[in-house]
Amino acid sequence: MDCAIPLPNTGLNMEVTESSLYVRVGKEIHHYLRADMSLAARVQLFKKDGKARGLLACSDWLFVRDFIMLHQLDAQTLEPVRAWKLGDNASSDICAFCGDESTVYAAIRGGGMAVIDVASGNVTHHALADTGMWSLALRDAVLYAACVSGELLEIRRDDMRVTRRQPVHRKNIYSVVRDGDVLYTTAQDGALMATRAGDFSTLCMAKKATANMTTAIGVHGDALITANPDRSQLTFWNKHSLTADQVIAFPTGGLNHKGIVMHGGSVYGSDGNGIYALALESCHPVG
């Protein structure tokens, strides 16, 4: 396995789009062009090293979370545009975020949600749950939130009203991935779940299927792909039956936020020596 970008690190964050790969390493943000992995831009955003960070690409912008702060950068040049302080301390830091070209949603520890209007920069705050939310997913006019309590929330984006909530796991949900009308979740209870987005009915469940801290990173054809940080491996599951089809060794980035990312037919993983690229078609053809 070849290293696509040699980049010694002690933990990094990544984000990927159709044309770009973004990497937070140490105090810096790097922008690489996926076509040839050339470095397009580089900026030092932080004064100190930190672990509670993550990246989110939305249209013309790259959003960077740093504990209680959210930074907005130009997606091409990485020039800082503005920043918001969304919390006060460790009890109100940013746990997860997602968004699109118009709105960014930041889950705040304890069950709150900060909603940022990208055009104006205005922020509104909403109390949605009694526990934190570790993963978010969008579907048209709806936002889905995966909670520490094991609940899934359905939230109307226009007024941030919770329209549906249901326990789908016994313990913390680590990740939620949407594929059409299906929500796939992994959690501390080890179950792998497929839930219908429209009514939260259970489509399929595999008990004791995943190891601790396993996250779902995306869907490729008929395969749901999960990554385990401790075992440095990817597992390909039949997305209809949730049976494991294939396991391959691949650097998964440890416990860092998005130390492994997927877009289209490629996965980018990381370890202490750099970033690795995997063409999914080469190891698991579309079914």
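Note that the stretch 186-198 has calculated 3J(HN,Hα) couplings of 10, 7, 5, 6, x, 7, 10, 10, 10, 10, 6, 5, x Hz, one per residue in order, obtained from phi through the Karplus relation 6.51 cos²θ - 1.76 cosθ + 1.60 (θ = phi - 60°); glycine and proline are x. Scanning residues 5 or more positions from residue 20 or on other chains, those with amide H under 5 Å from its amide H are 34, with H placed 1.01 Å from N in the peptide plane.
Considering the stretch 1-91 at the alpha-carbon level, its Rg and Dmax are found to be 13.2, 43 Å. For the chain, the relative contact order comes to 13 percent (Cα pairs under 8 Å, sequence separation of at least 6). Put simply, the amide H of residue 253, placed in the peptide plane, has neighbours under 5 Å in 270, leaving out anything fewer than 5 places away on its chain.
May I ask you to order 6-12, 242-248, 174-180 by the average number of other C-beta atoms within 10 Å around their residues, highest value first?
Working: 6-12: 15.6, 242-248: 14.0, 174-180: 18.6.
Put in order of decreasing packing, that is 174-180, 6-12, 242-248.
Kindly provide the Kirkwood hydrodynamic radius of the stretch 148-287 in Å, to one decimal, from all pairs of distinct alpha carbon atoms. Mean inverse Cα-Cα distance, inverted, gives 15.5 Å. Full extension of the chain between residue 33 and residue 244 gives 72.6 nm of extra length, using 0.36 nm per residue less the Cα-Cα distance. Please report the spacing between the Cα centers of the stretch 32-81 and the stretch 89-123 in Å, no decimals. That distance is 16 Å. Sequence-ordered 3J(HN,Hα) estimates for the stretch 139-146 from the Karplus curve with 6.51, -1.76 and 1.60 and θ = phi - 60° stand at 8, 6, 8, 10, 10, 10, 10, 9 Hz, glycine and proline given as x.
Peptides 15-28, 150-163, 112-125 ranked from most to least packed give 15-28, 150-163, 112-125, packing being the mean of other C-beta atoms within 10 angstrom over each peptide's residues.
Taking trypsin sites (Lys or Arg not before Pro) across the stretch 198-287, the ones in a DSSP loop with at most 12 further Cβ atoms lying within 10 angstrom of their Cβ are 207, 208. Projected onto planes of every orientation and averaged, the convex hull of the alpha-carbon atoms in the stretch 223-287 covers 4.3 nm².
Of the peptides 194-206, 133-145, the order by per-residue mean of other Cβ atoms within 10 Å, starting with the highest, comes out as 133-145, 194-206.
Every read-out reported here was derived from the displayed coordinates using simple, explicitly stated rules and does not represent laboratory data. Note that the coordinates shown come from a computational prediction; the quantities given were computed from them, not determined experimentally. Please note: Cβ atoms are built from the backbone with ideal geometry, for glycine as well, and neighbour counts cover all protein chains shown.
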